[in-house]
Amino acid sequence: MRVYVPLTLSGLAAAHRAGELGAGPLVAYAVTPGLREWYVSEDIEELEYAALSRAAAASLRLLAADPEAARRRVVVAVDVADGGVSPASAVGGGPGALGEVRIVGGVPLAKAAAVHVDSGDAEEDVRAAAAAAEAADGGDDDAQFTVDGAEDHELLWFGIQEIPALVGA
């Protein structure tokens, strides 16, 4: 199963140093039955893009919680065994957890398929979106408009061999 793990650049740097994304359980996003129903598509590429977008939104929330992190969303795409993933509904996820899953165990960074990161020109919009995320989650339409501004930026694709350059290692 392909899952998308939200991080920050500093989180990616820590994963690079440790050689793994974490010991688990890890929050990730995947094509779940709920996501399929919500997105109403059978096109697996569209569904995976929707899961990637959910992870990018979660990365934005991580940035909101870490004012020292570089203002770039980061998502790591990883293939894990189906049995290594629990749906969020099985671990207390609510309606905001659409597509959210938990990776049960640790994930070696070497198993990552790709890394998706904002380009430098997205930083201003991502900075504003991170500052507005909490208000947007509370239903503020103006804040949601600001968050949507970050979502207008496509994440760039990087191979895992490019992680050292991304994190300055």
Please go through (1) at pLDDT 95 or above; (2) crowded, with 17+ Cβ neighbours inside 10 Å; (3) not aliphatic (A, V, I, L, M) for residue 157 and return the number of the only condition it doesn't satisfy. (2)
Out of 90, 77, I need the residue that is at negative phi and at pLDDT below 95. Which one? 90
Residue 153 vs (1) out of contact with any helix residue (DSSP H, G or I) (no Cβ under 9 Å at 6 or more places or on another chain); (2) in contact (Cβ under 8 Å) with a residue 12 or more places away in the chain: all pass except (1)
When both residues are 6+ apart or on different chains and their Cβ atoms are under 6 Å apart, which pairs have a first residue that lies in the range 95-110 and is surrounded by 19 or more Cβ atoms within 10 Å (Cβ to Cβ), and a second that is in a loop (DSSP other than H, G, I, E, B) and modelled with pLDDT under 85? 100/93; 103/24
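The rows are residues; the columns are (1) in contact with a strand residue (DSSP E or B) (Cβ under 6 Å, 6 or more places away or on another chain); (2) over 21 Å from residue 119 (Cβ atoms); (3) free of Cβ contacts under 8 Å to residues at least 60 places away in the same chain.
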| position | (1), (2), (3) |
| --- | --- |
| 34 | no, yes, no |
| 39 | no, yes, yes |
| 45 | no, yes, yes |
| 49 | no, no, yes |
| 53 | no, no, no |
| 64 | no, no, no |
| 70 | no, no, no |
| 74 | yes, no, no |
| 78 | yes, yes, no |
Quick one: residue 132 ticks every box in (1) buried (at least 20 other Cβ atoms within 10 Å of the Cβ); (2) under 15 Å from residue 4 (Cβ atoms); (3) touching a Ser or Thr at 6+ places or on another chain (Cβ under 8 Å) except a single one, so which number is it? (2)
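The values are calculated or read from the model by the stated rules, or taken from the named source; none is laboratory data. Bear in mind that the values here come from a model prediction, so they are computed numbers and not experimental data. Cβ atoms come from the backbone with ideal geometry, glycine included; neighbour counts cover every protein chain shown.
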